[in-house]
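Notes follow the structure.
FYI, it's all coordinate maths here, none of it is from the lab. All figures in this text were calculated on a predicted structure; none of them were measured in a lab. Ideal geometry is used to build each Cβ from the backbone, glycine not excepted, and the neighbour counts take in all protein chains shown.
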């Protein structure tokens, strides 16, 4: 995820005319596997080509720091990110609504229900985040107690 965010960040900076050096925004492994023709662009330190994904490392450090300072802060940032994502989707749908052309609806499902099911399965596993609960539970000292006290606190506040 940090590598993808790093790519998005450096692409965003390019919009403003800020160009991050290639060797500071990719890893040596990525250069060797995906772009071996760009190896000569990398600087040589002590006889070895060097490439470090600095934005990716900074992103990992920021998220690590956020997780270290506390769960409430992490939850607030997570909520803010969800609101931002929903706002972006709402803008996308709102702007896209003006470009709807019903002529494109025919044929509606060219691959039939099989295509719809296959697409739905891919989207489900790609975006559902089913591992988020187990990851959070793994970091909890006493998950059963935390769940009980959290539910009793919620029901007490509801009264």
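Looking only at the stretch 28-62, which residues are without any contact (Cβ under 8 Å) to a residue 12 or more places away in the chain and in a helix (DSSP H, G or I)? It would help to see each step written out before you state the result.
Residues of the stretch 28-62 without any contact (Cβ under 8 Å) to a residue 12 or more places away in the chain: 29, 32-37, 39-40, 44-48, 58, 61-62.
Across the stretch 28-62, the qualifying residues are 29, 32, 33, 34, 36, 37, 39, 40, 58, 61, 62.
Output the residues belonging to the stretch 17-27 that are more than 22 Å from the chain's Cα centre (by Cα) and in contact (Cβ under 8 Å) with a residue 24 or more places away in the chain. Spell out the reasoning first.
To start, the set of residues in the stretch 17-27 that are more than 22 Å from the chain's Cα centre (by Cα) comprises 17-19, 21, 23.
Across the stretch 17-27, the qualifying residue is only 23.
Being more than 17 Å from the chain's Cα centre (by Cα) and either surrounded by fewer than 13 Cβ atoms within 10 Å (Cβ to Cβ) or outside any loop (DSSP other than H, G, I, E, B) (or both) narrows it down to one residue among 82, 68; which is it? It would help to see each step written out before you state the result.
Details: 82 fails: more than 17 Å from the chain's Cα centre (by Cα).
Within the list 82, 68, the selection yields 68.
Among (1) assigned to a loop (DSSP other than H, G, I, E, B); (2) surrounded by 10 or more Cβ atoms within 10 Å (Cβ to Cβ), where does residue 88 come up short?
Every condition holds for residue 88 apart from (1).
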